[in-house]
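Enquirer: This is the structure I want to talk about, given as structure tokens.
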Amino acid sequence: MTSILLAALAATTPIQSGVPDNCSLTVAFGSYAMGIDQPTLARTERLLRRDAGVRRTTSHRWGREGEVTLCVITKRASDARRLFQRIKTTLPRNPRGPVTLETKSGLKFTMSNPPR
């Protein structure tokens, strides 16, 4: 039981290895040992591709179950804050794994629902 709880806790803390320091916004998709929330990742990537405030997005894989962090470079800091709020509202109430949003300016939000 303890190892399950430790694994769930570790899954909620994205490992930022290989993610550039200049990301205006990061969106990290974690896993509870059953893969990431692929539909939410696809929806987020689609939203970012279509947004005029996004200069560039890169994807950085860091886990064995599809865990990934998106690094978003925006045209202005206000675009990062706007996207933070927009993505936050699109997250499902019970994602398959934790999803963490963080801006360079310090906004941070995690949507998480660990399995019981």
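What follows draws every value from the coordinates through simple rules; no lab data is involved. Since we're looking at a predicted model, the values are computed, not measured. In this analysis, Cβ positions are derived from the backbone assuming ideal geometry, glycine residues included, and neighbour counts consider all displayed protein chains.
Enquirer: If you wrap region 14-68's Cα atoms in a convex hull and average its projection over all directions, what's the area in nm²?
Expert: Answer in nm², one decimal: 3.9.
Enquirer: How big is region 11-113 along each principal axis, measuring the range of its Cα positions in Å and listing the largest first?
Expert: 36, 27, 23
Enquirer: Report, ordered by chain and residue number, the aspartates and glutamates lying within cross-link reach of residue 75, taken as a straight Cα distance under 13 Å and ignoring same-chain residues fewer than 8 apart.
Expert: Within the straight-line cut-off, residue 75 pairs with 51.
Enquirer: Still on this structure, I have one more. Label-point separation (nm) for residue 49 and residue 94, each offset 7 Å from Cα along Cα-to-Cβ?
Expert: In this crude label model, residue 49 to residue 94 measures out at 3.0 nm.
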